[in-house]
Amino acid sequence: MDDPPPISRPQPADPDHPSPTVLNEDHVRVLRREHASGASVRYLATRNGLPYNTVHDAIRGVTWAHVDEQAPEEIPGEPRRPGVLLTVATVGEMRRAHAGGASLRSLADKFHLEYATVRAAVQGATWRHLTDPPPVPAAGRGGRHALTNEQEADLARMREQSGATYAQLGAVFGVSEATAWHVCERRRRSVPD
């Protein structure tokens, strides 16, 4: 039986030839600023071609703790991708647009963002510190397809009187079959025997 290969151990650092660093102070400042503006560590690491832990530690101050928080506007030669990072202005614009009737999906498409990112920012799960404009709460049960109490009563009444299927009721009221079933079940349980 062959012996396993020896474990390789890193050589001690040579003070005359320091290892090259991946980041510099300006990069660290920009990473911290972009992270504070809403960019995820994963996104920043991927965009910059860096290991996740390198970016995470630099942002949190585990490494580069001596770097102050004053960041230059941009690092020369580093292009910014439009619409990727959230800013106070974009979150405010999204909240105002959603309060005015724009769907979260249309906002996600407009700003080239993930739906979940837009929903979290608009509804205040993220960007809680931004109070002007205030977060737009979800529209009750079922989100944007929530039914009013009158619509729920009409749906349950149609089920009782016509015997329509839940799929048919969902199509009439613009909700899923499951939502139509839940509405009828809630109504049935709330009626005393």
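The values are calculated or read from the model by the stated rules, or taken from the named source; none is laboratory data. In this text the structure is predicted, and so the values were computed from the model without any measurement. Cβ coordinates were reconstructed from backbone atoms using ideal geometry, including for glycine residues, and neighbour counts include every protein chain displayed. What goes into the accessible areas is simple: the full protein's heavy atoms, side chains included, and nothing from ligands, DNA or RNA. Shrake-Rupley method; radii C 1.70, N 1.55, O 1.52, S 1.80 Å.
Tabulated values for the structure
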item: Two-site FRET efficiency, Arg157 against Glu177, from Cβ-Cβ distance with R₀ of 30 Å, rounded to 0.05; result: 0.95
item: Probe 1.4 Å, protein heavy atoms only - accessible area per residue of segment 91-193 in square angstrom; result: 64 Å²
item: Proximal charge balance of Glu177 [Cβ under 13 Å; K/R count +1, D/E count -1]; result: 0
